[in-house]
1. What net charge is computed for the residues neighbouring residue 392, neighbours being all others with C-beta under 10 Å from the C-beta of residue 392, Lys and Arg scored +1, Asp and Glu -1?
2. Indicate the gyration tensor shape class of region 362-412 (rounded, prolate or oblate), computed on the Cα atoms with a ≥ b ≥ c the square roots of the eigenvalues: a/c under 1.5 is rounded; otherwise a/b larger than b/c is prolate and the rest oblate.
3. Can you list residues whose amide H is under 5 Å from residue 334's amide H, if they're 5+ apart or on another chain and H is modeled 1.01 Å from N?
4. Looking at region 96-180, which chymotrypsin sites (Phe, Trp or Tyr not before Pro) are in a loop (DSSP not H, G, I, E or B) and have at most 10 other Cβ atoms within 10 Å?
5. Mind checking Rg over Rh on region 113-275, alpha carbons, Kirkwood formula for Rh?
6. Given charges of +1 on the Cβ of Lys and Arg and -1 on the Cβ of Asp and Glu, with all other atoms neutral, how large is the dipole of region 134-202 about its Cα centre, in debye to the nearest 20?
7. Looking at region 161-231, which trypsin sites (Lys or Arg not before Pro) are in a loop (DSSP not H, G, I, E or B) and have at most 14 other Cβ atoms within 10 Å?
8. Residue 363 to residue 351: extension gain in nm, 0.36 nm per residue of separation minus the Cα-Cα distance?
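Read the figures in this text as sums done on the coordinates, not as results from a lab. The shown structure was predicted, so the numbers you read here are calculated from the model rather than taken from an experiment. Please note: Cβ atoms are built from the backbone with ideal geometry, for glycine as well, and neighbour counts cover all protein chains shown.
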Amino acid sequence: MKSLGMRVWVVMVAAGLVFYACGGGGGEEIQGGDDLITDETVAGADLENDAGAGADLEDDAEETPLPALPYAIVGTDQGVCYDAATCMACAGDGEAFYGQDAQYLGLVPSYVVSDDGRTVHDAVTGLTWQQSTDTNDDGEIRATDKLSWTDAQARPAALNAMKFGGYDDWRLPTIKELYSLILFSGVDPSGYEGTDTSGLVPFIDDLTFDYAYGDTAAGERIIDSQYASSNLYVSQTAGEGPGTLFGVNFADGRIKGYGLSMMGQDKTFFVQCVRGDDYGVNDFEDLGDGTIMDHATGLTWQQGDAAEGMIWEDALRECEELSLAGHDDWRLPDVKELHSLVDYSRSPGTTDSPALDPIFDATPITNEAGQEDWAAYWSSTTHSNWSAGHEGANGAYVAFGRSMGYMNETWVDVHGAGAQRSDPKVGDPADYPTGFGPQGDSIRIFNQVRCVRGGEVVKVSGGDCPDPAEPTEPVCGDGVCGAGEDETCPEDCEVEEPMGPTSCTEEADCLAPGACPTEAAKGCTCADTPDGSFCIPLCDSDADCPAPPGMVMTCAMGGICVPSGR
């Protein structure tokens, strides 16, 4: 698992539960009960559990089962701390940025690959997964392996008929089951303009599961690695088609609602089927003291929220300083804990409520369109980006209200209530009057806060920031344009025509040099798509449609070129 140098180094037994603790360099500390445990003292030691019985560390690691909670939450695998911009040494109690994800360790993923390599069992959740999304079984994961919503629904039946992996109870995963696989040791490549993905880190364990970024040879973006769930949005977004499907993007580390059509063609997804007992079902109890217990996850939640939006640093402090119901060990939840609260049967447009069980109180807001709505909530998790010096600038949040975007000169719900996005930890939303990105995503910097305590979490000191990469001498012929190679090795610095359509705001943009493919004899038009407005070639027939290598284009209704079968 690629996780910034983290390593499993201790198994801690407490109250009959097993915690797998990870750390970076030496001197890591774990707070377990009243005792402080360090990696210098655990080796060969006996730990005494809460029942008073001696527990040998190595024996218990083999014999003690993982927690039997029906909704055990897999940890995020985030091992280092961040300030509002970049990696930092983890802060001490009471200091700025204390209490973030890397300082509270949850259950580490525990995967077992079957002997035939076809399936993967997750010992934390109890779920068994297909090991690969290679649907045509040709040994490579490409755009041709992706399925439309209709074909995705039929996929489990096909697997069951062949008794794939020896089982006949495969199903499409719910969005909560699919999200259990996400790891925030991943790095968002958004903005990366290269095509070499070998140095990128996805948001899934790609040493256990076969994984591929978007198929650039077929005209996809690197970030086109969206996986389908079984959850259709109960309301409607700006996306095309008869509905909106929630999916996880393991390339950029987000949950979004995707329209079932794109430019008149079926939107396609990777499909990874699952089997096992139901997972992701909450069991809430109102404890009558301003807190809610979820017996399924073992977490206790603040029933209300902070009642005002705040920046990420203040959100961390808000929970660290909270004293409620006789407890002062509250924390800001990590993004997977926070996501466990989403109720996908509810939405502002259908139940006039947030996507949240009504046992909780939620402060309403007025959104960018002037509608009554509900807020996004900060998590303690940083959404790391590949941009040097800004890799820690964004915090991950969950939208319990509409996920707004500015499209076609109006604010609309673009990703649905229950999306997980990320935005700057500091700044002024007024600097983004029409949002950001191809769908004009609203920028939410002052987000709500709901604190949590308990669960299968231990306090740790956090890991060390990775060492900066050592500069390397450029190598002629490697396809990478290094310093000075524009003169010494011009073949490495040839600028290729960018793949994919050019973004636009008006027809005039598509008349600019390079905006329209030279092979587009009919020219291009500025067309609206679920991913924004782009210069799309016009056509009278399929012969008018230029196609990137490895891709087939067709002339769709309305006289515009679209990918065939997409």
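1. -1
2. Since a/c reaches 1.5 but b/c is at least a/b, the shape of region 362-412 is classed as oblate.
3. The answer is 380.
4. Passing sites in region 96-180 do not exist.
5. Taking Rg over the Kirkwood Rh, I get 0.94.
6. I would put it at about 320 debye.
7. 163
8. Working: separation 12, 0.36 × 12 = 4.32 nm, distance 1.56 nm.
My answer for the length gained is 2.8 nm.
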